[in-house]
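Structure first, commentary second.
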Amino acid sequence: MNKSKSLLTALLFITMTFTLPSSAANPQKEFIYTSAPFPSAHASTLVQLENGDILAAWFGGTHENAPDVAIWGARRTSTGWSKPFLLVREPNVACWNPVLFETRDGRLWLYYKFGRNAREWSGARLVSTDEGHTWSAPEHLPAGLLGPIKDKPLVLEDDTIVSGTSVESYSTWAAWVDRSTDQGKTWHKFGPITVPGRLMPSPAPVQPPLKSGDEHVTGIIQPAIVRLGKKHLRLYARSTRDIGRICAADSYDDGITWSEAHPLDLPNPNSGIDAVGLRDGRVVLVYNNTTTGRSPLNLAVSKDGEHFTMFQTLESDPGEYSYPAIIQGRDSNVYITYTWQRKRIAFTRVPLSSIP
């Protein structure tokens with residue numbers, strides 16, 4: 001080999017060695033859609049199907065709680081995202097917070113809520129047996145059962161579904177856990193799970209009507225559940241502004257009983273979070289690393305589920321980047337969807353190699 005060819009080979013090796021890993025280690029963001037038949041979107045969820053496709057869903061309409069808000073979805077194949085398609089609409093009332101997940105019998109579930117606001121929600125669900133190409137008719141759940149409230153449930157090795165849910169009243173919020181051992185036919189409820197000492201004085205102000213995030217409300221909602229040990233499960237929950245931190249509670253019997261919640265050293269501005277337990281035992285949280293507003297949007301990782309290190313900023317511009325959903329894909333990389341400025345749903349791939 002002559003000197004010029006040797007130099008070219010060396011330069012090519014250096015380029016491959018130092019350029020490719022750098023680009024592969026960065027999150028890869030894309031929008032699920034750039035135009036849609038609705039101006040506002042929020043509260044996404046995602047699942048990876050057996051064939052490798054990713055299915056995402058969210059609620060979209062004129063604005064949050066408008067009666068035209070429905071559940072929309074899109075499918076990502078090897079050629080990219082499909083156009084948004086309608087999954088379910090309730091007549092003359094808003095839909096909220098879809099949650100997609102699969103059970104070990106091969107069924108794909110879509111749980112969602114409908115109602116005028118979070119204090120008047122009812123739960124509902126659809127099921128698909130062909131990876132989301134066709135769906136059953138909507139099934140309205142019995143009163144008092146809302147289903148997974150925002151984040152995916154944990155499906156245990158014995159097919160038990162451990163689902164995080166919550167209830168919002170005018171003065172206090174609380175997390176609950178629903179547990180099913182028969183593929184969602186019946187449920188057993190545990191709770192309320194609260195932070196000790198967080199009770200509002202009575203009477204609590206109720207006029208004007210309270211909005212999500214109002215300073216007169218206290219508590220935790222929207223738990224995300226991961227496995228930490230053999231029978232050790234942990235939930236992570238959003239908190240109100242008086243608490244101001246992500247909170248955690250534990251179960252040591254696969255979700256049958258739960259401890260009270262305690263705040264972690266991660267801020268929370270009363271905004272939704274999600275968590276995933278990686279197959280190597282680490283936990284990754286996606287959250288807003290601030291006590292006010294919904295920017296920035298960040299990732300943090302933990303080896304023990306208690307102490308976290310923030311390692312990635314997904315969004316830092318002014319605006320709203322919120323309500324994330326996170327999964328670990330079949331390729332071991334991490335996939336995230338989130339609300340982008342209430343106008344679009346963003347999708348990000350985070351290589352496993354970039355998580356410290």
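We did not get these values from a lab; they are worked out from the coordinates using the rules stated. These numbers come from a predicted model, not from an experiment. Positions of Cβ are generated from backbone atoms using ideal geometry, with glycine treated the same way; all protein chains shown enter the neighbour counts.
A few points about this structure:
- Gyration tensor verdict on region 20-111 (Cα atoms; rounded if a/c is under 1.5, prolate if a/b is larger than b/c, oblate otherwise): oblate
- Amide H within-cut-off set for residue 173, under 5 Å, with H built and near neighbours excluded: 218, 219, 220
- Gyration tensor analysis over the Cα atoms of region 38-181 returns equivalent ellipsoid semi-axes of 23, 21, 12 Å (largest first, whole Å).
- Three-way shape label, region 268-355, alpha-carbon gyration tensor, a/c 1.5: oblate
- Nitroxide proxy distance, nm - points 7 Å out along Cα→Cβ at residue 116 and residue 169: 2.0 nm
- Helix-only CD estimate at 222 nm, as mean residue ellipticity for the chain, using -39500 (n - 2.57) per DSSP H run (n ≥ 4): -2000 deg cm²/dmol
- Across region 271-278, rounded Karplus estimates of 3J(HN,Hα) from the backbone phi angles (6.51 cos²θ - 1.76 cosθ + 1.60, θ = phi - 60°) give 9, x, 10, 8, 9, 9, x, 5 Hz, Gly and Pro being marked x.
- Cα centroid separation - region 164-189 against region 34-83, whole Å: 25 Å
- Farthest toward positive dipole pole in region 253-356 [+1 Lys/Arg, -1 Asp/Glu at C-beta], among 322, 334, 346: 346
- Modelled FRET efficiency - R0 56 Å, residue 92 with residue 278, Cβ distances, 0.05 increments: 0.85
- Contact order, relative form, for region 250-342: 22 percent (alpha carbon pairs under 8 Å, 6 or more residues apart, mean separation divided by residue count).
- Projecting the Cα atoms of 67, 259, 191 onto the charge dipole of the chain (Cβ charges, centred on the Cα centre) puts 67 farthest toward the positive pole.
- Virtual spin-label span in nm between residue 262 and residue 78, 7 Å along Cα→Cβ: 5.0 nm
- Computed Rg/Rh of region 214-337, alpha carbon atoms with Kirkwood Rh: 0.96
- When you count the other C-beta atoms within 10 angstrom of each residue and take the mean per peptide, 329-339, 163-173 line up highest first as 163-173, 329-339.
- Most tightly packed first, judged by the mean number of other beta-carbon atoms within 10 Å of their residues, the peptides 138-144, 63-69 read 63-69, 138-144.
- With 22 Å as the limit, the listed pairs 113/230; 152/231; 189/231; 150/303 have 113/230; 150/303 beyond it between alpha carbons.
- Check: region 43-188 dipole with +1 on Lys, Arg Cβ and -1 on Asp, Glu Cβ, in debye: 380 debye
- Taking the empirical scaling 2.2 N^0.38 Å for compact globular proteins as reference, region 94-133 has a Cα radius of gyration ratio of 1.32.
- Along region 47-53 the Karplus relation, 6.51 cos²θ - 1.76 cosθ + 1.60 evaluated at θ = phi - 60°, assigns HN-Hα couplings of 8, 9, 8, 4, 7, x, 4 Hz to successive residues, with x for each Gly and Pro.
- Using a Förster distance of 25 Å, the FRET efficiency for residue 62-residue 34 (Cβ separation, nearest 0.05): 0.85
- Residue 158 versus residue 188: modelled label distance in nm, points set 7 Å from Cα along the beta carbon direction: 1.0 nm
- Residues whose amide H comes within less than 5 Å of that of residue 264, counting only those at least five positions distant or on another chain, are 246, 247, 248 (H built at 1.01 Å from N in the peptide plane).
- Prolate/oblate/rounded call for region 114-189, Cα gyration tensor, a/c under 1.5 rounded: oblate
- In a reduced charge model with +1 at each Lys and Arg Cβ and -1 at each Asp and Glu Cβ, the chain shows a dipole moment near 760 debye about its Cα centre.
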